[in-house]
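Down below is the structure, laid out as structure tokens.
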Amino acid sequence: MPKSKGKRMETSKPTLTTNRSNRACLESLPGSFKLPSDLIKIYNISHFISELEARSWKSEEKLAKKYFERTTRVKDTPEQVLAVLIRTMKSISKAPQVKRSLAAYCEAVASQLTTENNREIFKKNYNKEKDEMKIKNHEDKVSIEAKIASRILTTIETRSYKVKLRKRLDSLFEEGNGGNKEVMLNQKKDRCDDIIL
């Protein structure tokens, strides 16, 4: 059988496309490829996979970062997220409606993520993103508490200022009326009604 130059023969089963370091290779699949919406719905593919371009699926760092972009609280372990990733990639690779290049790449990504070294890389990135999310949540909480404390102090300062202002007005009225209590009380009442916010 003659060999074809530069072209791969079509086979029924996709061949794994990895490089020497066991990292998945895109080969003829465009790096900017995103999963079509019908495939996402059929296989119920998680957002952190469906929103990424194909070139990012093999990046443990980008997968972990994307997972935490939409997560408000951590409910899955890194092992659970990895299991979802691997299961999704295998499902896509076996789907009858996908092109051979996509099937081969998904199979290669699944294979890559099952190696111990790449699992550890993913767990490290997952824990880093988890810690960053916790820090951001604490910073947000501290910021809210600081705003509340600031408003409370402003309110206290305003009340204190009002009391000082009334005392000062009282002393000015006393000086201006020469001690006439009845005139002073009426003027004080009129002035305080004007000043009260």
task: Identify, by number, the condition in (1) in a helix (DSSP H, G or I); (2) in contact with a Ser or Thr (Cβ under 7 Å, 6 or more places away or on another chain) that Ile45 doesn't meet.
output: (1)
task: Please indicate, with yes or no, whether at least one residue in the stretch 111-123 is touching a residue at least 60 places away in the same chain (Cβ under 8 Å), in contact with a strand residue (DSSP E or B) (Cβ under 6 Å, 6 or more places away or on another chain) and at negative phi.
output: yes
- request: Take the residues in the stretch 1-30 that are among the small types (Gly, Ala, Ser) and either open to solvent by 60 Å² or more (accessible area, probe 1.4 Å) or closer than 22 Å to Thr114 by Cα (or both), then tell me which one is modelled with the highest pLDDT.
  value: Ser28
field: Every residue from the stretch 58-84 that is open to solvent by less than 40 Å² (accessible area, probe 1.4 Å) and part of a loop (DSSP other than H, G, I, E, B)
entry: Ser59, Thr71
message: Looking at Glu145, Glu129, can you tell me which residue is out of contact with any Ser or Thr (no Cβ under 6 Å at 6 or more places or on another chain), closer than 21 Å to Leu82 by Cα and among the acidic types (Asp, Glu)?
response: Glu129
- line: Matching residues in the stretch 85-128 (open to solvent by 30 Å² or more (accessible area, probe 1.4 Å), more than 17 Å from Glu27 (Cα to Cα) and part of a helix (DSSP H, G or I)) number 14
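The values are calculated or read from the model by the stated rules, or taken from the named source; none is laboratory data. Please read these numbers as outputs of a predicted model, since none were measured by experiment. Cβ sites come from the backbone with ideal geometry, for glycine too, and all protein chains shown count toward neighbours. Surface areas here come from the heavy atoms of the whole protein model, side chains and all, with no ligands, DNA or RNA. Shrake-Rupley method; radii C 1.70, N 1.55, O 1.52, S 1.80 Å.
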